[in-house]
Structure formats: structure tokens, C-alpha cells
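Quick note: the coordinates plus some simple rules give every number you see, no bench work behind them. Given the structure is predicted, the values throughout are model-derived calculations rather than measurements. Counting neighbours? That spans all protein chains shown, and the Cβs are built from the backbone with ideal geometry, glycine included.
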Amino acid sequence: MQKQNCTHCHKLMICNANDITNCDCQKVELLDETVAFLYEKTQHDCLCNDCLKKFDELTKFSLNNKFPKRPTEMVEGVHFYMENGFFVFTETYHFLKGRCCKNGCRHCVYGIHK
């Protein structure tokens, strides 16, 4: 067991990756789609249980909601919020987009820009 930071929220946690069957993360049940997203599309290492649950909720949302193809389809508070007159895209927006744009976005879910 070792202390390390969650690669998404950076919260300190105990990771037991050397004995993964006894790691705390194994207590969180995830959809197969969530596991696939995390392994195939992100560069996250160990995630805290809160972030695992958050990714699972994003996956559930994505099963019934697609990426907005036109700006008029975007919903404030879901896909973006306004800050100082600028659009800030949410984690939901980035998740639904399905790939990292590599622009260092504030709410990137892909774990690529650290």
C-alpha cells in the first residue's frame, strides 16, 4: 500500500495496485463502458473512488445523451458555463466529445495534460 494522488482530482489516497484485488477501488462497481473508457481513452493511473463514481455517472449520462453537434444544442450548466464572458466547457462536454483536444482544458477528463 502506498499514498499517492488521484490522477484526476489530485486528492491524496491509499493505493494498493500491487494487490489490486484488495485495493479500495475494487469496491466501486463500474459499467463495462466506464472501464473501457478509462482504459482506452484516458491516461489516468490510480483514481480515487469519488472520481471512479463520477466517471461512471458520466458514462450513464452519455448512454442517453450525445455530443451536441451544433452550438444551439449545448445546454448551459451541462455542456458549459460562462466565466468572465467566456465559455468554459464542463467535464460532461469533454466526456461526450470522446477525445482529448490537447489544449490543456480546465475540465479535461482524459488525464493527458498534467
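Here are a few things to note about the model shown:
- Gyration tensor (alpha-carbon) shape descriptor, segment 1-47, a/c threshold 1.5: oblate
- For segment 1-113: rounded, prolate or oblate by the Cα gyration tensor [a/c cutoff 1.5]: prolate
- Between Gly104, Gly77, Gly85, the residue with the greatest mean-square fluctuation in the GNM of the chain (Cα pairs under 10 Å linked by springs) is Gly85.
- Helix axis angle, 32-41 relative to the chain longest principal axis, alpha carbon, degrees: 80 degrees
- Modelled FRET efficiency - R0 30 Å, Val28 with Lys102, Cβ distances, 0.05 increments: 0.55
- GluC sites (Glu not before Pro) restricted to DSSP loop in segment 7-114 with at most 12 other C-beta within 10 Å: Glu29
- Gain in span if fully extended, Glu76 to Lys53, counting 0.36 nm per residue against the direct Cα distance: 6.0 nm
- Inter-centroid distance (Cα atoms) of segment 1-18 relative to segment 49-94, Å: 26 Å
- Largest GNM mean-square fluctuation among Val35, Val75, Val88, using the chain with Cα springs under 10 Å: Val75.
- In segment 20-81, the convex hull through the Cα atoms has an average projected area of 5.3 nm², a quarter of its surface area.
- Projecting label points 7 angstrom from Cα along Cα→Cβ for Phe67 and Thr7 puts them 2.1 nm apart.
- Given +1 at the Cβ of Lys and Arg, -1 at the Cβ of Asp and Glu and no other charges, the dipole of the chain around its Cα centre is 420 debye to the nearest 20.
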